[in-house]
Each structure stands twice: as structure tokens, then as C-alpha cells.
Amino acid sequence: AEPAPIVHTLVVDQLMPQYYRMDGVVAVADAATGGNMLDTQVEAVNQIALADLIVISKSDLVSAYDLAAYEKRLNNINNNAPRLHAEKGHVPTGALFGLSALREDIDPEEIARWLGDSVHTPHAQHHRDGHDHKHAENQIVSASIELSDPIPANVFDFWLDMLLALNGPDLLRMKGIVHVEDVDFPFVFHGVQHIFDAPIPLKTWSGQNATSRVVVIARNMTREYLEESMSMLRIP
């Protein structure tokens, strides 16, 4: 299944958002057959790209070398999502929930986990392990930015509007925490393509840390393009 339309439904449907919200996208990555799926199925690539958590199954059926090579490919698509290895199909039930940062009582450590640990995520690569994988996997790229000073609201809105207008269908996912000038608390936001959840104000936020961080996962564009776009958020 293509995950983006499901996420859209949970946001824009007239009835469902009254009762349900998306906690997170969990993708099961089959270590035995997943490499072939990434080569042949664009939906498989998009599932990994949009995942908040990746559960790797059947890792006991492949060699350590093949498993490492497969996990490297997963990292090239989505280096932000945590990994969980299923043991003969079993995973700790609690690990599949509490994935979203879109709640008012979220703490900084949970936001950091949601956004991923590394500011510099891998480039999409066209040559890996001696092979040229000319598939959707090579079109996925991610980038992020950290800003130590609050962002003027009009600057952030202009940047987001421009990025959506020029690249909306290819923006697989955007998420972040943003400190806006003249506002005492930050906001957490999340979007898939051009559809965004209502931003969550963290009114109980405490401390002096006003660092904003934005993560973008996209296709059919370069990381350099994304980084140049996000540089608009830096105030001279």
C-alpha cells in the first residue's frame, strides 16, 4: 500500500479526525526478500521513507553480511527512523506506540527521537555494492537544519509556502519543532506532501533552549536543493 493517501485520510476526512489521529507509520522490512522489493516496488521505498519506526523481520534467515547490506540501504532511504528487530515475528508491543511528537505533553528527548539523532542524513546514492540500482530508492533524499535563534513567522510561512508550491507532490514528509519570534513556546508540526496536521503548541515548554529543527524527506530532488531552500530560514 502507498502510505501517503492513508495519512491524508486521517487528516482531511470529515469524520475520522474527530476520533482518530495518526500516532506513527510502522514499516516492516523483510530482510530475506526486502532488497528485491526495494528494487522493483516504489511503494516499498515510500513505506520506508515515511516510516517512524522500521521493524526488520526474518533477519535470522540471512547472513550477517546480507543483513548489514540491507540495513545500509534502509539507512540511505530513511536514517531518522529507529530500528527494531523482530525475533521470530515477535516485538515488544509497547514499542509500536507513542511514536508521534504531536502532543502537548511531549518532552525534548522524545522530540529528538522523533526527528532523529543526526542532522546530516545520507545522500541518495546511485552506486552501492558494485551495482547501479536505477529504482525509486535512488530518488529519495533527506535533509535537516538546526537554527539556534527563533524564526520570524513571516519568514517560515514564506519558505513553507514556496517549497509546497514548487515541490508539493514530491515532499514525502516534513516534520520539526519551530521557535517563532515573539512567541513564548515552540510548535511541533508534521506534514505529508501538501497536507499538514494542525501544529501543536508546546505551552508547557520550559528552559532557555530555543533551537528549531526541521527535517524534510523528498524525492526527485537533490539534497543540495533542499539545503539551499532551508537556508532561507537562517536570519543574517
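Exactly one residue out of Ala31, Ala81 is over 27 Å from Asn220 (Cβ atoms), open to solvent by less than 20 Å² (accessible area, probe 1.4 Å) and either in contact (Cβ under 8 Å) with a residue 24 or more places away in the chain or in contact with a strand residue (DSSP E or B) (Cβ under 7 Å, 6 or more places away or on another chain) (or both), and it is Ala31. Take the conditions among the β-branched types (Val, Ile, Thr) and part of a helix (DSSP H, G or I) and apply them to Ile111. Does it pass? Judged against the criteria, Ile111 is a match.
Could you tell me whether Leu226 is open to solvent by less than 30 Å² (accessible area, probe 1.4 Å) and within 19 Å of Val155 (Cβ to Cβ)? Taking the combined requirement at face value, the residue satisfies it.
I'd like the full set of residues that are open to solvent by 10 Å² or more (accessible area, probe 1.4 Å) and within 17 Å of the chain's Cα centre (by Cα), limited to the range 201-216.
Arg213
Residues that are modelled with pLDDT of 90 or more and of a type in the set (Lys, Arg) within the range 66-113 comprise Lys72, Arg73, Arg83, listed in sequence order. Annotation: Glu71 fulfils all but one of (1) of a type in the set (D, E, K, R); (2) open to solvent by less than 60 Å² (accessible area, probe 1.4 Å); (3) part of a loop (DSSP other than H, G, I, E, B); the unmet one is (3).
Residues of the range 139-152 that are closer than 20 Å to Met221 by Cβ and either open to solvent by 30 Å² or more (accessible area, probe 1.4 Å) or at pLDDT below 70 (or both): Gln139 alone. Just one of the listed residues (Leu172, Leu163) is modelled with pLDDT of 90 or more, touching a helix residue (DSSP H, G or I) at 6+ places or on another chain (Cβ under 7 Å), crowded, with 17+ Cβ neighbours inside 10 Å and not β-branched (Val, Ile, Thr), and it is Leu163.
The single residue among Asp107, Asp66 that is among the acidic types (Asp, Glu) and more than 30 Å from Ile200 (Cβ to Cβ) turns out to be Asp66. Examine the range 45-66 for a residue that is of a type in the set (Phe, Trp, Tyr), free of Cβ contacts under 8 Å to residues at least 12 places away in the same chain and closer than 19 Å to Val188 by Cα, and state whether such a residue exists. No, the range 45-66 contains no residue that is of a type in the set (Phe, Trp, Tyr), free of Cβ contacts under 8 Å to residues at least 12 places away in the same chain and closer than 19 Å to Val188 by Cα.
Taken as a whole, the range 7-17 holds at least one residue that is β-branched (Val, Ile, Thr) and within 22 Å of Ile140 (Cα to Cα).
The values are calculated or read from the model by the stated rules, or taken from the named source; none is laboratory data. It should be emphasised that the depicted structure is a prediction, and the values quoted were computed from it without experimental measurement. Neighbour counts are summed over all protein chains in view; Cβ atoms, including those assigned to glycine, are modelled from backbone coordinates with ideal geometry. In case anyone asks, the SASA skips ligands and DNA or RNA and just uses the protein heavy atoms, side chains included. Shrake-Rupley method; radii C 1.70, N 1.55, O 1.52, S 1.80 Å.
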